[in-house]
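Here the structure comes first, spelled out in structure tokens, and everything after it is commentary.
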Amino acid sequence: MADGAVVKRVRELAEPLCEELGLFLWDVKYEKEGANRYLRVYIDKDGGISITDCEDLHRPLDKLLDETDPVPDSYIFEVCSPGLGRKLERPEHFEVCIGDAVKIRLYKPKDGSKEISGTLTGYSEEENAAYVDEVKIPLTECAWVKLDDEDWSTEEADS
């Protein structure tokens, strides 16, 4: 089974469990690091997640993975947070992050800079574009889009 098929199948298994637990399935990654393969399921929820949230998903999903065996190789299984500076890659990532501070790294400089920071004010799947401070930025021009984790640390310091 190809890596993409593994990710798709694990996502199908994890989504109903996440919904049942009140979690948002942020992403599934199946990657090789050194000699090991890692299956990582990233979750989130309003207010952030705890180690207990990770454990609450890990147990039933691990059992389901053992029963259905969608991964052809041996692997290390982890359930974790996508982190404060998480990348936005899927349409639902952009949709749930509208109103949040983002950083964008461009492939080519625009107005003398390869980085854009601002507020994600919109997203269009049809146009394959994000809107930052109402300015349309085609995602084909972006190396990455992620939440601005510096903005989070500023908010924490202010509270």
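Descriptive notes on the structure:
- Only one of the listed residues (D62, D66, D100) is in contact with a strand residue (DSSP E or B) (Cβ under 9 Å, 6 or more places away or on another chain) and under 16 Å from A14 (Cα atoms). That residue is D62.
- Selection count where residues are buried (at least 18 other Cβ atoms within 10 Å of the Cβ) and either small (G, A, S) or touching a residue at least 40 places away in the same chain (Cβ under 8 Å) (or both), scope the stretch 28-39: 1
- Single residue of L25, L57 found to be under 14 Å from the mean Cα position of the chain (by Cα), within 12 Å of V79 (Cα to Cα) and not acidic (D, E): L25
- Residue within the stretch 5-12 that is assigned to a helix (DSSP H, G or I), of a type in the set (K, R) and touching a residue at least 60 places away in the same chain (Cβ under 8 Å) present: yes
- Residues in the stretch 82-117 that are surrounded by fewer than 17 Cβ atoms within 10 Å (Cβ to Cβ) and of a type in the set (G, A, S) were compared, and the one that is farthest from L17 (Cα to Cα) is G112.
- Any hit, the stretch 17-24, residues being in a strand (DSSP E or B) and surrounded by 11 or more Cβ atoms within 10 Å (Cβ to Cβ): yes
- The single residue among K136, K146 that is of a type in the set (D, E, K, R), touching a residue at least 60 places away in the same chain (Cβ under 8 Å) and part of a strand (DSSP E or B) turns out to be K146.
- Beta carbons closer than 9 Å, at least 6 apart along the sequence or on distinct chains, pair a first residue in the stretch 115-130 that is touching a residue at least 12 places away in the same chain (Cβ under 8 Å) with a second that is of a type in the set (V, I, T) and in a loop (DSSP other than H, G, I, E, B) for T119/I98; L120/I98; T121/I98; G122/I98; Y123/I98.
- Selection within the stretch 65-87: residues that are out of contact with any Cys (no Cβ under 6 Å at 6 or more places or on another chain) and among the aliphatic types (A, V, I, L, M). The member of this set that is farthest from E126 (Cα to Cα) is I76.
The numbers here are math on the coordinates, done by the rules we state, and not lab data. Values in this document were obtained by computation on a predicted structure and should not be read as measured data. Note: ideal-geometry Cβ built from the backbone for every residue, glycine included; neighbour counts use all protein chains shown.
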